[in-house]
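Before any comments, here is the structure.
The values are calculated or read from the model by the stated rules, or taken from the named source; none is laboratory data. In this text the structure is predicted, and so the values were computed from the model without any measurement. Heads up, the Cβs are rebuilt from the backbone with ideal geometry, glycines too, and the neighbour counts pull from every protein chain shown. Quick note on the areas: whole protein, heavy atoms, side chains included, nothing else; ligands and nucleic acids left out. Shrake-Rupley method; radii C 1.70, N 1.55, O 1.52, S 1.80 Å.
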Amino acid sequence: MKVELPDPRRKLRQLAFPLVAPTTPLGVEPRPKERRTGADYDTEWARSFRARWTRTVLLESVLRPTAAAIARPRRRGIDRLADLQGAGEPVIFCANHHSHVDTPIVLTSLPEPWRYQVFVGAAADYFFRNRATGAAASLLLNAIPIERATVTRRSADLAANLIDDGWSMLIFPEGGRSPDGWGQDFRGGAAYLARRTGAPVVPIHLSGTDRILPKGAKRLRPGPTTVTFGDPIRAEEGEDTRRLATRIEAAVAALADEHTSDWYAARVRAHTGDTPGLGGPDGPSWRRAWALGERSPSRRRRAAWPPR
């Protein structure tokens, strides 16, 4: 049997001229390094047939029972979507944001046909910070990366193209979870997409999720929640993004007022422009926490003491 010995000259050449990555010549702008996380994460695979089938199974067998056990969501105002449901047109759902449980609660509360044809605008720097979290968010929630600081062209084009293709969108215009249970100013991403695509905006108010898993908490505290759907809003001719975003925020605030009082009183205040804002009163943290408790329906319905 003939045994071939290694060529010593080849070994010397490898030591003298080791293989290295090609470099960019001086004076030539280097090619930007390709990223696969953050806003550059590719989510197209999450809308394939297999991924959609898997997500539907997980939604019905895992998310819905879990949401029912932890949050016991009470759903109100679904009848306000009757006209849209008949047409089956894409919708931009805009909700206030207090907790990580907001997304699964809204997704499991959406009526058909939107429940299985919706994607979520998720923070690129949080849910897509690495490929593992990006894959989980894409598969479970059909999430796409959205920049929180400003709506980039890449994010806006992706969201607009999906809406044009018949997908509805769930977005939290505040850009992040509330730090103290009160709302934050709405940003213009949802209003921009509504003007660009012509899709109606459905305001949603979530109540109770801040007690289940507030920002910074690590333990779930099960409790009741309420999901209130509002009347669809369409961009008016000549209306700019800022004014439409203000109208969307006012609609969500009116739903919050409706939840803590009643429909008629909330509509009267909305008509006169006296709807309490989502941001709460100015003042120290203890005063804002106290005012937040005063807005609780259970506290406002408690019998007066002493009894009259």
Listed by chain and number, the residues whose amide H is under 5 Å from that of residue 169, excluding neighbours fewer than 5 places away on the same chain and using placed H, are 91, 92, 93, 119
By the mean-Cβ-within-10 Å protection proxy, highest first, 152-159, 103-110 rank as 103-110, 152-159
For residue 76, the residues 5 or more places away or on another chain with a placed amide H closer than 5 Å to its own amide H are 227, 228, 229
Sorted by chain and number, the residues with a modelled amide H under 5 Å from that of residue 122, at a separation of 5 or more or across chains, are 144, 146
Expressed in angstrom, Rg and Dmax over the Cα atoms of the range 82-125 are 11.7, 37
For 140, 278, the accessible-area ranking with a 1.4 Å probe, largest leading, is 140, 278
accessible surface per residue for the range 122-248, probe 1.4 Å, DNA/RNA/ligands not counted, whole Å² -> 48
On the accessible surface of the range 38-280, probed at 1.4 Å with all protein chains in place, carbon and sulfur together account for a percent value of 51
Quick tally, 1.4 Å probe accessible area for 41, 126, sorted with the most first, runs 126, 41
Going residue by residue through the range 156-169, the Karplus relation 6.51 cos²θ - 1.76 cosθ + 1.60 with θ = phi - 60° gives ³J(HN,Hα) values, rounded to whole Hz and with x marking Gly or Pro, of 5, 5, 5, 5, 5, 5, 5, 5, 5, 7, x, 8, 8, 10
Heads up, the range 38-280 by the C-alpha gyration tensor (a ≥ b ≥ c square roots of eigenvalues; a/c under 1.5 rounded, else a/b over b/c prolate, else oblate) looks rounded
Using alpha-carbon positions, the gyration tensor of the range 86-185 gives root eigenvalues a ≥ b ≥ c; with a/c under 1.5 called rounded, otherwise prolate if a/b exceeds b/c, else oblate, the class is rounded
